[in-house]
Amino acid sequence: MRLRHLGHVALLLFILASVAFLSAITTMRIAIQGREVAMPSLVGKNVTQASQLLSSQGLVLHVADQVYSEFPLNSVVRQTPTPGMLMKVSQQAHVVLSLGQRQLNIPALQGKSLRVARIELLRAGLQVGELSGLAAPDAAAETILLQNPRPGESAATPRVNLLIAQPLPQPTFVTPFLAGLTEAEAGRRLDQAAVRHKSNYVSASQWPHGAVIDQTPAAGSRLGPSQTVELVVAN
């Protein structure tokens, strides 16, 4: 009887100890996951130092970009978030690393075609950056109008942004409903809109002679300047 009592007591103590142990582990996990740390200053440090410093704070380094700069190769040029900002443990710190100093020879691209510009940039070890278009009636399509950086300027990245000429948008014409009009009246309306047209004649005794029976494209269609409206006319 005494042994049974001691066994129950031992079992109870074991259960209580297990519950306390699991509770302590859970509390530690919550505390670690919810812990906030101040973002350290990384600018100027090399990537290894920055990674070790972040790791000691429970943070993770993520390289977002690389640029040419006055900083030594693989040094941190910029960081996000900024130093001192509170972050949750295991969050990422985004950094921009230096490619070191480089004297970029930016070629003059204005007035050249986009194809030629791409070739010249590749030869200079550069890349096409952002492409923007501008309607320019006096320039051939895809001619370089502006570039950034300009020739002779310093650059932080190997990318050159280009503004290229685009053709003017072509005017469009919405086809009116022409069925029921006479061929002459339908022709006048299309002539006023400078839209080409032609007539196809069919026998249709139920329609007045010379009346427009059908049209292609249908009413409400948008036409470009080179398209033709075909009229079906009762003969």
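Each value in this text was obtained by applying a stated rule to the coordinates, not by laboratory testing. Computed from a prediction, not measured in an experiment: that's the story for all the values here. Quick reminder, even Gly has a Cβ in these numbers, built from the backbone with ideal geometry, and neighbours come from all protein chains shown.
If each residue of separation counts as 0.36 nm, what is the full-extension length gain between SER221 and LEU134 once their alpha-carbon separation is subtracted?
28.6 nm
To make sure I understand, if each residue's beta carbon is the centre and we count other beta carbons within 10 Å, what order do LYS45, LYS88 fall in, fewest to most?
If I rank by nearby Cβ atoms, fewest first, I get LYS88, LYS45.
Once Cα Rg over 2.2 N^0.38 Å is worked out from the coordinates, which option in [x] 1.04; [y] 0.93; [z] 2.14 does it equal?
So the calculated entry is the one marked [z].
By average Cβ neighbour count within 10 Å, what is the ranking of 201-207, 73-79 from highest down?
73-79, 201-207
If you line up the long axis of helix 47-56 against the longest principal axis of the chain, both from Cα atoms, how many degrees apart are they, to the nearest 10?
60 degrees
Quote the convex hull volume per residue of segment 115-211, based on C-alpha atoms, as a whole number of Å³.
146 Å³
Angle between the Cα long axis of helix 114-123 and the longest principal axis of the chain, 0 to 90 degrees, nearest 10?
Result, in degrees: 30.
For each of HIS197, HIS94, count neighbouring Cβ atoms within 10 Å of the residue's Cβ, then give the residues from fewest to most.
Listing HIS197, HIS94 from fewest to most nearby Cβ atoms yields HIS94, HIS197.
Taking +1 at the Cβ of each Lys and Arg and -1 at the Cβ of each Asp and Glu, which of GLY224, THR182, HIS197 sits farthest along the dipole of segment 173-234 towards its positive end, judged by Cα position relative to the Cα centre?
Farthest along the dipole direction, towards plus: GLY224.
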